[in-house]
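Taking it in order: structure first as structure tokens, then the write-up.
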4 protein chains.
Amino acid sequence: MGNTFGVLFRVTTWGESHGPAVGVVVDGCPPGIPLKEEDIQAELERRRPGRSGTSPRKEPDRVKILSGVYEGLTTGTPISLLVWNEDVDSTPYEELSEVFRPGHADYSYHAKYGIRDPRGGGRASARETVGRVAAGAVAKKVLEREGIGVFAFTLELGGVRCQRIDLAFARENWLYCPDPDALPLMEERLKEIQAEGDSVGGIVEVRVRGCPAGLGEPVFDKLDADLAKALMSIGAVKGVEVGSGFASARMLGSEHNDPLGPRGFESNNAGGILGGISTGQEIILRVAIKPIPSIRKPQRTVDLKGNPRRVEIRGRHDPSAIPRIVPVCEAMTRLVILDHLLRQRALKGPP
Amino acid sequence: MGNTFGVLFRVTTWGESHGPAVGVVVDGCPPGIPLKEEDIQAELERRRPGRSGTSPRKEPDRVKILSGVYEGLTTGTPISLLVWNEDVDSTPYEELSEVFRPGHADYSYHAKYGIRDPRGGGRASARETVGRVAAGAVAKKVLEREGIGVFAFTLELGGVRCQRIDLAFARENWLYCPDPDALPLMEERLKEIQAEGDSVGGIVEVRVRGCPAGLGEPVFDKLDADLAKALMSIGAVKGVEVGSGFASARMLGSEHNDPLGPRGFESNNAGGILGGISTGQEIILRVAIKPIPSIRKPQRTVDLKGNPRRVEIRGRHDPSAIPRIVPVCEAMTRLVILDHLLRQRALKGPP
Amino acid sequence: MGNTFGVLFRVTTWGESHGPAVGVVVDGCPPGIPLKEEDIQAELERRRPGRSGTSPRKEPDRVKILSGVYEGLTTGTPISLLVWNEDVDSTPYEELSEVFRPGHADYSYHAKYGIRDPRGGGRASARETVGRVAAGAVAKKVLEREGIGVFAFTLELGGVRCQRIDLAFARENWLYCPDPDALPLMEERLKEIQAEGDSVGGIVEVRVRGCPAGLGEPVFDKLDADLAKALMSIGAVKGVEVGSGFASARMLGSEHNDPLGPRGFESNNAGGILGGISTGQEIILRVAIKPIPSIRKPQRTVDLKGNPRRVEIRGRHDPSAIPRIVPVCEAMTRLVILDHLLRQRALKGPP
Amino acid sequence: MGNTFGVLFRVTTWGESHGPAVGVVVDGCPPGIPLKEEDIQAELERRRPGRSGTSPRKEPDRVKILSGVYEGLTTGTPISLLVWNEDVDSTPYEELSEVFRPGHADYSYHAKYGIRDPRGGGRASARETVGRVAAGAVAKKVLEREGIGVFAFTLELGGVRCQRIDLAFARENWLYCPDPDALPLMEERLKEIQAEGDSVGGIVEVRVRGCPAGLGEPVFDKLDADLAKALMSIGAVKGVEVGSGFASARMLGSEHNDPLGPRGFESNNAGGILGGISTGQEIILRVAIKPIPSIRKPQRTVDLKGNPRRVEIRGRHDPSAIPRIVPVCEAMTRLVILDHLLRQRALKGPP
């Protein structure tokens, strides 16, 4: 249960970190969309470790299209995408199979299923997001034809906050940092943290441009509600906000309400969504990322029988889920926007 | 579309603010649960205006059970609940039907449907939450038998933040404020704001006690993901966070990870959820509420033809969506917890 | 669970036979469709008892539109329809609450829920179909604009089979019999049966005209699969077939395959559906209706404790579910066709 | 859209006949169920061609478990099953890509998508059922632990009807024929038909034993309604009936109603389902199978431009969808029964 997302553009992911493969089935993609493995590969490259500064495991992640595409075009039937798990060494996990790592899903999976694949986090591994990003790459192809672009970047990392937003710059550095001045500070902070065997969190911002007004379904399937679910469903995410978000709590109505003029909205505290429906403005979301729980520092925990244990997680780990989570935020946002675009089409015809 | 929530405990709301009635159909309630109209009425009283300080419109909100209950017990068939709209004066809305009120859903509904019921906000009115709260009251009856309690309170209002949390106190004052020292400051702030014809936002905190470990479905239907959707689907909500939430972004892994000892978790930065599955700890959520958009102060906007207009919203309006939104947050949280409780039962039998 | 039907055009029915009311919430109706209570009333009249030959209980069935319509047009928000149960005498059911009536759902509801509303069959009553027919009337308004017509008639009743199909004639007689020669034979047969305190079954045929090619989703949500579910979900239905149906089992491929010529298909054994997708031909379905289980003749059964009992069901009952089931077959067919029309629109834009 | 089946036990199939592979993702399987590739392979063997009398293409169909199983036990996470398409010769289909084969889905797919993979029927190929049967094998493992058995057999083939039902015999012959006297007649009939370059239909009967009372959700998700959908969703199926089915149409209520005695129901015209809920009796379904549309005999059709064409389908084809469809009927029935078993557990705990 729970491994499918979307109403009309439906994505089902599967696979464990150290099983034979991970993958995704994309159902509901409109027919006639050009789609090549390279389109998907390009997005997978953006999330993979081995990019500068992230964990050195090589993870080639070659995606295979197994169905749904004929002579380079989608056919409207399910698109099955698969990535083999090639670099799998489960040895370091053997000793972890008997303890609950703090901050990990070990304890809750055990409570839920009474059984789990402990190798590499199993289903709860960040590797699960390969399927999400692959599906997001399909959605991207459809959204591009509608002129809709989704961009995410690292607004804050380890306490270093960006002061300006240069999207072009963000896309070209390995931390997806939009502020040239903040980038070296972030890199320095990550180095310190890694040296200490610790980790840090941060904030990712997501922007949607070119989204037509009218997407989102009142009252439960509001566009922001579905986006909140999509983003909160990513491991390590602890908060989601739209537009002025938590800052709204301290604003006055006269400050927060976005006035309308003949050229449209004159501000964007709403973050592009009013009453759960897009306004045609830029959609703005921010996502709080907790520090990655795998740290070298020794931690107190218990084993399966409840006995106190001390755990030190070996191997070289990323000091932050950022930047790998940035493309996942983009992917999930794309899934929601496309799903609602199709829903709106059902109602009114193509926008 | 979008007016149904839940997978196994399914709630469908309907109704416009100034139509004949509002209501909800609750499908999937287990049979044999004692349920009276008074049980639901008690929850509706907690959200209704006319309580001290909120808008003086009398709104009796007498709920009727139209189906699904026989001789005081639920039968497992759909429970239809209806509340007539008795205090309906649509006159003040006539002049508003031609303009888009800033901060309201007028513009986006118009963009989506090309038609809308402008009276009292129509479907986008806060009155829609009557159905949610009524459904939540049904969920409450089921959850109580499982020893699960959901409590929400006003953590912050108009910039006044509570310094201590006394849940018993919170339940007895009209602002659901848990801090006896903060209450008079909040009341004072609201008076000022109302005198200025303006409005303020705030933060609501929701806690779930007695929730068993194991609820939540990886990977998309995570418990926190579904809670985020549920809470973000409430009008005026601009952000949702779990446990340490946005503060996690500035924490170290060694600080954020909750250690486990023989008596369980020793802290709760996770907010009771790891890997999207409940841990058995208290679940803690916070919700950012924007200032209510209906303000007396004049605002710039446009009419349906795009001509600039100046709008002053008459009548006496609440200066904040809080406290009316507090019971709605409780209701939505209950819907999610119960739905996942039933899903988990399907997997493993009753917890 | 299970009281909602459809993916994009979603219908949720509620209500027990002898509760305060029955009703339906229709979610996903496109905006801007003219809709009056009379439109729905006209369809309800077609299913109601008290028409010649059916049971004489007066059952005014005045429908109320409670939401989703503003100034005579649908707004895209949920349409709540309600019919009060006015003619409710539960006395005859008191003695039946302790026994399982043969052929009724008493036994299985008891096994499922451990509790049931025995009055008038409760949720398992044919009265539940009021909500279906009301929802079907809304669907009809949308389908008419697309030039799609759904017509059902009584192909066979109590062993009397129609030899010719005159749809205009069918709509004007109380048995929905399309064959003027068969009508008096059917009426005679019903009289005999009623005199004997027994009941009979029959076959209803449904035809859909003007349905565009391309509706239906492979592989599980095939158009015929969804139609089969829709029709089989009607009480008393024991079989559903498409096109040549069960007769196909004895045909040769060279007989059954419908040849294509320049003017389209030259026969219609497929019943208008190939590979689960409409071909643009007339869609043809047939539905087997069992004899209504409420009969005056004494029957053997057991009570709640398993003791043998003899039951005689008093009151005057219809000798057949036909003709009341004919409009329900039309309604369910309309729900499926419209739902798939909207799904197809999401994929390709309006047909 | 439409490639996922089930509410709690959710099955998503993918793959084209002549693409790289076909497969299925099974979500919602309870954890702790022993599952090996051989369990699934055994079911796939039952549906594969190359068994005596069916088409001689060798089709090894070696299934791979790619996720959801750890150390031989299901973990509760999605089970991904894949079968490579090894014996793929698309040459004979090239000439068919420009014409609509009568009785095939060519025309309707073209109308729906405007594009299709013509090789081997693409998504509309019987090969799609590999995924269904593989998923059904997983369901079988769960159902066996509950003592629920599903058996299908060939009741009628090419006009030869079985006069007695020997389930043990049925499982051991290649036609799944339960009547030792009928088997040689069926084989003879098939030989004749094949010699003529034609094909025949038949009737498959499905029985469910050990199903507890109480499964099925009124009013739309009735057990028989979901079974009807499941079975009608199989290619070549033109009708579904339950219990006495279409014969009910000519029965009297006093004949059709199954009396209850102290030892339970005394007959089974209901086919084990009353009011859409299982009664605990054997569930009996019958499915009408049309003659397979691929025949050698020349047929009239048109090409993509509407020009008249004559088509002769080369290669050696099965003269009937039976017996390959028998295991598919079992698989689909299992999916429905298990899904409803889990739904009922959510309501009441394990039966």
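Checking A:330, A:312, A:255, A:266 one by one, the residue that is out of contact with any Lys or Arg (no Cβ under 7 Å at 6 or more places or on another chain), acidic (Asp, Glu) and over 25 Å from residue B:112 (Cα atoms) is A:255 and no other. Residue C:119 fulfils the conditions (1) modelled with pLDDT of 95 or more; (2) within 12 Å of chain B (Cβ to nearest Cβ); (3) surrounded by fewer than 24 Cβ atoms within 10 Å (Cβ to Cβ) except for a single criterion, (1). In the range B:191-202, the residue that is farthest from residue B:323 (Cα to Cα) out of those that are aliphatic (A, V, I, L, M) and surrounded by fewer than 24 Cβ atoms within 10 Å (Cβ to Cβ) is B:195. Considering only residues that are assigned to a loop (DSSP other than H, G, I, E, B), farther than 30 Å from residue A:299 by Cβ and of a type outside the set (Asp, Glu), which ones fall in the range A:160-203? Passing the criteria: A:162, A:163, A:164, A:165, A:173, A:178, A:180.
Taking only pairs six or more apart or across chains, which ones have beta-carbon atoms under 7 Å, a first residue in the range D:9-21 that is more than 9 Å from chain A (Cβ to nearest Cβ) and buried (at least 22 other Cβ atoms within 10 Å of the Cβ), and a second residue that is modelled with pLDDT of 95 or more and assigned to a strand (DSSP E or B)? Note: pairs meeting the criteria are D:11/D:4; D:11/D:5; D:11/D:24; D:11/D:26.
Scanning the range D:138-148 for residues that are more than 23 Å from residue D:282 (Cα to Cα), within 21 Å of the chain's Cα centre (by Cα) and touching a residue at least 60 places away in the same chain (Cβ under 8 Å) turns up nothing. Checking every residue in the range B:160-174 against the condition of being more than 21 Å from residue B:42 (Cβ to Cβ), among the small types (Gly, Ala, Ser) and under 19 Å from the mean Cα position of the chain (by Cα) gives zero matches.
Search the range A:203-214 for residues being among the hydrophobic types (A, V, I, L, M, F, W, C) and either within 18 Å of residue B:217 (Cβ to Cβ) or facing another protein chain (nearest Cβ under 8 Å) (or both), and hand back the single one that is surrounded by the fewest Cβ atoms within 10 Å (Cβ to Cβ).
A:213
Of all residues in the range A:317-351, those being of a type in the set (Gly, Ala, Ser) and either facing chain C (nearest Cβ under 9 Å) or at positive phi (or both) number 2. Restricting attention to the range B:298-308, does a residue exist that is within 30 Å of residue A:159 (Cβ to Cβ) and buried (at least 20 other Cβ atoms within 10 Å of the Cβ)? Within the range B:298-308, not a single residue is within 30 Å of residue A:159 (Cβ to Cβ) and buried (at least 20 other Cβ atoms within 10 Å of the Cβ). All conditions but one from (1) in contact with a Ser or Thr (Cβ under 8 Å, 6 or more places away or on another chain); (2) crowded, with 20+ Cβ neighbours inside 10 Å apply to residue B:1; the one that does not is (1). Of all residues being free of Cβ contacts under 8 Å to residues at least 12 places away in the same chain and part of a loop (DSSP other than H, G, I, E, B) in the range A:263-285, which is surrounded by the fewest Cβ atoms within 10 Å (Cβ to Cβ)? Just the residue, please. The extreme case among them is A:263. Select from the range D:309-322 the residues that are touching a strand residue (DSSP E or B) at 6+ places or on another chain (Cβ under 6 Å) and surrounded by fewer than 24 Cβ atoms within 10 Å (Cβ to Cβ) and write down the one among them that is modelled with the lowest pLDDT. So, considering only residues that are touching a strand residue (DSSP E or B) at 6+ places or on another chain (Cβ under 6 Å) and surrounded by fewer than 24 Cβ atoms within 10 Å (Cβ to Cβ), the one modelled with the lowest pLDDT is D:311. Would you say residue A:190 is more than 8 Å from every other protein chain (Cβ to nearest Cβ) and in contact with a Leu (Cβ under 6 Å, 6 or more places away or on another chain)? Against the criterion (more than 8 Å from every other protein chain (Cβ to nearest Cβ) and in contact with a Leu (Cβ under 6 Å, 6 or more places away or on another chain)), residue A:190 does not qualify.
Across the range A:256-268, the number of residues qualifying as facing chain B (nearest Cβ under 8 Å) and within 21 Å of residue B:234 (Cα to Cα) comes to 3. If we scan the range A:220-227, do we find a residue that is touching a helix residue (DSSP H, G or I) at 6+ places or on another chain (Cβ under 8 Å), crowded, with 24+ Cβ neighbours inside 10 Å and either modelled with pLDDT under 95 or aromatic (Phe, Trp, Tyr) (or both)? Yes, because at least one residue in the range A:220-227 is touching a helix residue (DSSP H, G or I) at 6+ places or on another chain (Cβ under 8 Å), crowded, with 24+ Cβ neighbours inside 10 Å and either modelled with pLDDT under 95 or aromatic (Phe, Trp, Tyr) (or both).
Residues in the range A:286-325 that are part of a loop (DSSP other than H, G, I, E, B), of a type outside the set (Gly, Ala, Ser) and free of Cβ contacts under 8 Å to residues at least 40 places away in the same chain: A:298, A:305, A:307, A:312. Checked against (1) touching a strand residue (DSSP E or B) at 6+ places or on another chain (Cβ under 8 Å); (2) at pLDDT 95 or above, residue A:98 meets all criteria but (2).
Among the residues making up the range A:281-300, none is within 7 Å of another protein chain (Cβ to nearest Cβ) and under 23 Å from residue B:100 (Cβ atoms). Of everything in the range D:300-330 that's among the acidic types (Asp, Glu) and within 30 Å of the chain's Cα centre (by Cα), which residue is farthest from residue D:193 (Cα to Cα)? Restricting to residues being among the acidic types (Asp, Glu) and within 30 Å of the chain's Cα centre (by Cα), the top hit is D:330.
Scanning the range D:145-190 for residues that are small (Gly, Ala, Ser) and crowded, with 16+ Cβ neighbours inside 10 Å gives D:149, D:152, D:158, D:170, D:182. For the range D:105-116, a tally of residues being of a type outside the set (D, E, K, R) and either part of a helix (DSSP H, G or I) or more than 9 Å from every other protein chain (Cβ to nearest Cβ) (or both) returns 6. When you look at residue D:249, is it within 7 Å of chain C (Cβ to nearest Cβ) and either at pLDDT 95 or above or part of a strand (DSSP E or B) (or both), yes or no? Answer is yes for this residue. A count restricted to the range A:70-85 and to residues that are in a loop (DSSP other than H, G, I, E, B), at the interface with chain D (Cβ under 9 Å from one of its Cβ atoms) and surrounded by fewer than 24 Cβ atoms within 10 Å (Cβ to Cβ) stands at 1.
The values are calculated or read from the model by the stated rules, or taken from the named source; none is laboratory data. Everything quoted here is computed from the prediction, not taken from an experiment. Backbone-built Cβ (ideal geometry, glycine too); neighbour counts: all protein chains shown.
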